[in-house]
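Take a look at the structure below.
Any read-out appearing in this document is the output of simple, stated calculations on the displayed coordinates, not a laboratory observation. Computed from a predicted structure; not experimentally measured. Cβ sites come from the backbone with ideal geometry, for glycine too, and all protein chains shown count toward neighbours.
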Amino acid sequence: MPELPEVETSLRGVSPHLKGKTITSVIIRKPKLRWKIPPLKRILPGLKIEKIERRAKYLLFYCTKDKTHVGILIIHLGMSGSVRITKNTAPVKKHDHFDLATGNICLRMCDPRRFGAILWTKDPIEIHPLISNLGPEPLSRLFNVNYLFSQAKRRSIPIKQFLMDNKVVVGIGNIYATESLFLAGIHPGRLCSNISKKRLTKLVTVIKKVLKDAINLGGTTLRDFYDEDGSPGHFQQKLLIYGQQGKKCSKCNTTIKYKLIGQRTSSYCPKCQK
DNA sequence: CTAATTCCCTGGAAGC
DNA sequence: TGCTTCCAGGGAATTA
């Protein structure tokens with residue numbers, strides 16, 4: 001399930017193969033993922049991929065023609081999507097829904113559950129409706145304790161749901177919210193407005209560390225995530241609390257429990273997290 | 001505005 | 001073996 005580290009891993013894997021290249025062909029095998037895919041066969045060929053960036057969990061392919069900006073291809077991996085670099089001629093696997101080729105090199109998107117999205121916009125990315133209301137990037141300076149404290153005190157939801165809210169901070173899903181709260185010693189069900197500034201300082205620090213560590217290990221592969229080679233990430237071997245219910249806490253040996261918070265399973269150590 | 005709930009979709013695991 | 005049931009998940013849409 002791609003969260004920020006998995007999308008960042010995808011970006012870093014794919015970008016060197018595609019940056020500066022001209023798109024030669026497009027194949028759409030499944031016309032609709034989360035939404036209908038726009039008529040990219042007619043739009044993209046001949047355009048140059050000027051650069052690829054990530055915002056939240058969106059991959060952004062900036063396309064130009066004769067050095068002039070034309071539009072941005074937006075790819076969201078949903079919960080089961082992945083992109084990889086293949087040869088054009090490589091056999092198509094089940095759920096390979098989309099190809100973008102530059103000569104022999106092909107960006108191929110696979111998405112079994114089809115919660116992903118492929119979109120096209122000519123507008124500046126900041127005004128796109130999916131992007132314009134997003135909170136700050138967690139690895140940026142905008143995401144700091146003063147910001148988090150001011151946001152948290154005007155909301156009344158559990159801290160875990162708060163962290164997973166895109167308007168608060170982007171890119172943090174169930175895995176990294178769960179891990180960060182364990183490392184910060186905060187119970188996932190605690191109301192966000194009821195946490196001291198000191199504890200939120202710790203939380204900001206561990207969120208940044210967990211995300212960076214995961215990026216360095218190529219992300220977390222639980223079911224569907226693979227990098228641009230088709231290799232899995234390795235962060236799942238470092239998971240201390242996510243999915244560990246019933247096992248012993250690595251810090252205090254207490255049995256790890258879990259409960260539903262905001263319709264998501266949330267594991268926690270009842271002794272270490274208050 | 002916030003918060004709570006439902007829905008989209010399918011593979012894999014568990015239960016019988 | 002083969003069925004049925006449940007669960008995972010981001011985030012948009014809907015409702016209160």
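Over chain A, what relative contact order in percent results from Cα pairs under 8 Å that are six or more residues apart?
Across chain A, relative contact order equals 19 percent.
Return the whole-Å distance between the Cα centroid of region A:85-154 and the Cα centroid of region A:243-274.
Between the Cα centres of region A:85-154 and region A:243-274 lies a distance of 30 Å.
Using the count of nearby Cβ atoms within 10 Å as a rough guide to exposure, how do A:K198, A:K248 rank from fewest to most?
Ordered from fewest to most neighbouring Cβ atoms within 10 Å, A:K198, A:K248 come out as A:K198, A:K248.
Could you give the length gained on full extension between A:D66 and A:K271, defined as 0.36 nm per residue of separation minus the Cα-Cα distance, in nm?
Value of the extension gain: 67.7 nm.
Highest first, please rank the peptides A:60-71, A:94-105 by the mean number of other Cβ atoms sitting within 10 Å of their residues.
A:94-105, A:60-71
Just to be sure I understand the model, the point goes 7 Å from the Cα along the line to the Cβ. What's the resulting A:E126 to A:S156 distance in nm?
Once both label points are built, they end up 3.5 nm from each other.
By counting other Cβ atoms within 10 Å of each Cβ, how are A:T254, A:T89, A:T22 ranked from fewest to most?
With the sparsest Cβ surroundings first, the list reads A:T89, A:T254, A:T22.
Take the alpha carbon gyration tensor of region A:1-78, find the square roots of its eigenvalues, order them as a ≥ b ≥ c, and report rounded if a/c is under 1.5; if not, report prolate when a/b exceeds b/c, else oblate.
oblate
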